[in-house]
Amino acid sequence: HCAASGTVLHIQDAHEDARWAGKEFDERSGYRTRQLLCCPIMGPTQRMLGVMQIVNTTHEGDFAPKDIMVVQAMASSAGVALENANSLARAQQKEMQLGVLLGAMDALLLTFDAAGVLVSCNKTSEGSIRYSESVRV
């Protein structure tokens, strides 16, 4: 619900909320989920990246407004970090593709004169053309 709506979801009693699907886990583990605080993780462009979920307070009672503000700040920082990581991964992929392209271009380095006659080629290209017959002496 939090990801779909893009809003903070504060559940005071998880066992009473029909959206919560963890009752079976609580029964098997003996853990008691009381409160849930879910906050959307949005990127700087307001793209939904994920959800941060906090389970149960460490103090008596429910999540305080201050707790909600802290989780929202953490989710905002996480959104920036995730976007930066995605941007870095895309840049590294482009750099790798460019390296492959430049390597392929270097492997087939040919030089022609103004008349279009091949005058030189690098060592790698010699095997793929008949160099001695194409070069003007």
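Of all residues in segment 81-111, those being touching a helix residue (DSSP H, G or I) at 6+ places or on another chain (Cβ under 6 Å) and either in a loop (DSSP other than H, G, I, E, B) or within 30 Å of residue 36 (Cβ to Cβ) (or both) number 1. Among residues of segment 5-28 that are surrounded by 10 or more Cβ atoms within 10 Å (Cβ to Cβ), those with a beta-carbon under 9 Å from a residue that is of a type in the set (Val, Ile, Thr) and part of a helix (DSSP H, G or I) at least six positions away or on a different chain give the pairs 8/68; 8/71; 10/68. Taking segment 33-80 as the range and being within 24 Å of residue 22 (Cβ to Cβ), assigned to a loop (DSSP other than H, G, I, E, B), open to solvent by 50 Å² or more (accessible area, probe 1.4 Å) and of a type in the set (S, T, N, Q) as the test, only 58 passes.
The values are calculated or read from the model by the stated rules, or taken from the named source; none is laboratory data. Since the structure is predicted, the reported quantities are computational estimates derived from the model, not experimental observations. Please note: Cβ atoms are built from the backbone with ideal geometry, for glycine as well, and neighbour counts cover all protein chains shown. Note: areas computed on protein heavy atoms with side chains; ligands, DNA, RNA excluded. Shrake-Rupley method; radii C 1.70, N 1.55, O 1.52, S 1.80 Å.
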